[in-house]
1. If I take the Cα coordinates of segment 54-163 and project them onto the principal axes, what are the three extents in Å, biggest first?
2. Relative contact order, percent, of segment 11-65 when contacts are C-alpha pairs under 8 Å separated by at least 6 residues?
3. Can you tell me the length gained on complete extension of the stretch residue 34 to residue 346, counting 0.36 nm per residue apart and subtracting the Cα distance?
4. In what order do 153, 196 fall by count of nearby beta-carbon atoms within 10 Å, going from fewest to most?
5. Based on the Kirkwood radius over alpha-carbon pairs, what value in µm²/s does the Stokes-Einstein equation return for the translational diffusion coefficient of segment 11-65 at 10 °C and 1.306 mPa s?
6. How do 40, 9 rank when sorted from fewest to most other Cβ atoms within 10 Å of their own Cβ?
7. Using amide H atoms built 1.01 Å from N in the peptide plane, name the residues 5+ places from residue 35, or on other chains, whose amide H lies under 5 Å from its own.
8. Can you pull the one-decimal nm distance between simple spin-label points at residue 366 and residue 312, each 7 Å off the Cα toward Cβ?
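Every read-out reported here was derived from the displayed coordinates using simple, explicitly stated rules and does not represent laboratory data. Quick caveat, the model's predicted, so the values are computed rather than measured. Glycine also receives a Cβ, built like all others from the backbone with ideal geometry; neighbour counts cover every protein chain displayed.
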Amino acid sequence: MSARRSYGTGQLFRKHGAWYGRWRTSDGRRLNRRVGAVRTPAQADGLTRAEAEKTFRKIQDREESRPRKVEAVRHTVADAFGELRRRLVIKGCSPNYLSDCDSVMRVHIGPALGMKRLANVQREDVERLCELMLVSGRSPKTVRNAVNLLHAIFECAIDLDWTRDNSVRRAARPRDRGDVNPDLRFLSLEELGAVIRAIPDEIVIHDRAPTRRGRLGPAPPPPPDVLGPVMRVLILTAALTGLRRGELLGLRWRDIDWSSQRLRVRQVARRQGLSSVGKSALSTRRSVPMADLLVRALDGWAQRTEFATDEDLVFAHPSLGTPLDGTKVTRRFQRACRDAGVRVVRFHDLRHTFATRLAATGQPIRSLQEFLGHADLKTTQIYAHYAPSAHEVEMVNAAFPGLRVPDRGAGASELSG
């Protein structure tokens, strides 16, 4: 009698005068295969057990090397997105990034392809999605973001053996033609001062008379404007430190090192709440120096606010002590720009104001990268054009030695080397 087969190699048995093999494949399938007829005693027909074992091993090897049967017919694009999102959570992606993925899936990919089976999605379907988004007024960058997410969805499905092909790879998509304005927007010192002065430094009580609205009776007067004082300090801090809006709104008083005049970024305010996960690995593990002007402004605000303990937020709601709403902060800032008669820019452009001012004074790009919390120095290089160089003029002069510019009215023949 032959030795017992080792665990995991399957089972060889006799049935109705034939050898059969039963085993479970590496991808979890349970298979039964006929190996061959059993040899009749004293005859040359059929297979002995040793020959059946050898044939059984060949059948197993052949089955393992055969392309796996894909079960994509049972899985949709939405199913694959759910698996991708689960992986992103495991990887530690930020809540904002997850929220953006959810939004792209819900608004763009879901209505067009969400319930479509993976195996049925063709290249034409992806290109049709791009066309619909462009016709609806979406920017090329938005379309590329949606296609990139769809590409990641299919790559995840391939890893799960839910499909064999990624149709997105062959689909045409809008090119990156620099649809983002290459010119940075920022405020000059005069514009920054005008914007801050346009915001009242006290709580404003509106005295507008109530008006009647049909059957609802008199309309209540507008609520008092309590955000003025905190907005003035918030805008100044954004322009003098380069912190992102979420980093500013998540700043606590204990994060201010008064002795060394530095702000330490430790958490970020997001739509889902406060988080210690920043935009990059450096975001919530950095500190930024504070100018004397900012130290005086923050010290003055600490004496005015009711929320000044170490655990309180620096820029908390003046009445509630809760984090400010980022969207309302941006709207209030842009309203102040209009009131001041200056260009209406984004709140994020205060970060560009800080970076361009430091670059223009000759600060090293590496220091600027640390202050801004950029993971890649290439991102900081966009400010290099604002950095002065003491040798650039000399370089150009040296390239054209002895060249004389003709007087007014003189011909080109008077140019000489």
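1. 65, 34, 20
2. Here the relative contact order equals 26 percent.
3. Between residue 34 and residue 346, full extension yields an extra 105.1 nm.
4. 196, 153
5. Answer from the Stokes-Einstein relation: 137 µm²/s.
6. Taking fewest neighbouring Cβ atoms as first place, the list is 40, 9.
7. Those lying under 5 Å, H to H, from residue 35 are 19, 20, 21.
8. Here the answer is 4.1 nm between the modelled labels.
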